[in-house]
Amino acid sequence: MTSRAQLRLPQIEMRCSWCQASPGDPCTNQRGNRARRTDTHTARRDLWVIATTACPDCQAPAGTGCSAANGLPLTGVHPQREKSAADEHARAVEESSRNVQGRAERPR
């Protein structure tokens, strides 16, 4: 079963390269003693975006980082790639929640 955190923060399935939080665990502060429950580090989100979505801007396939127009690698991802990953995740969550047993259909 998928937890609420995984539905809200799909990047929690990745290991955080900044604070070294394990997959499924929330990111922590610099001292490692307080969990960030409302968001994750940007590095973790970028890793999730790269792992799951191809970039429409630079045509980098899923699993490969983005690059600038001059061919140099970017430290993050293109905004369009991040938006595409978020949209894809939202569609997947909606699709999986349609077939939940006992859930009534919304009137249209």
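The values are calculated or read from the model by the stated rules, or taken from the named source; none is laboratory data. Computed from a prediction, not measured in an experiment: that's the story for all the values here. Virtual Cβ from ideal backbone geometry, glycine too; neighbours counted across all protein chains shown.
Reported count of residues in the range 48-60, each being within 21 Å of Glu13 (Cα to Cα) and touching a Cys at 6+ places or on another chain (Cβ under 8 Å), is 2. Can Arg44 be described as at pLDDT 90 or above and in a helix (DSSP H, G or I)? For Arg44, the condition - at pLDDT 90 or above and in a helix (DSSP H, G or I) - is met. A residue that is touching a residue at least 40 places away in the same chain (Cβ under 8 Å), surrounded by 15 or more Cβ atoms within 10 Å (Cβ to Cβ) and not acidic (Asp, Glu) cannot be found anywhere in the range 14-24.
Just one residue in the set Glu95, Glu88, Glu82 is free of Cβ contacts under 8 Å to residues at least 24 places away in the same chain, within 18 Å of the chain's Cα centre (by Cα) and part of a helix (DSSP H, G or I); that residue is Glu95.
May I ask you to say which residue of Ala86, Ala68 is of a type in the set (A, V, I, L, M), in contact with a Leu (Cβ under 7 Å, 6 or more places away or on another chain) and modelled with pLDDT of 90 or more? Only one candidate passes the filter, namely Ala68.
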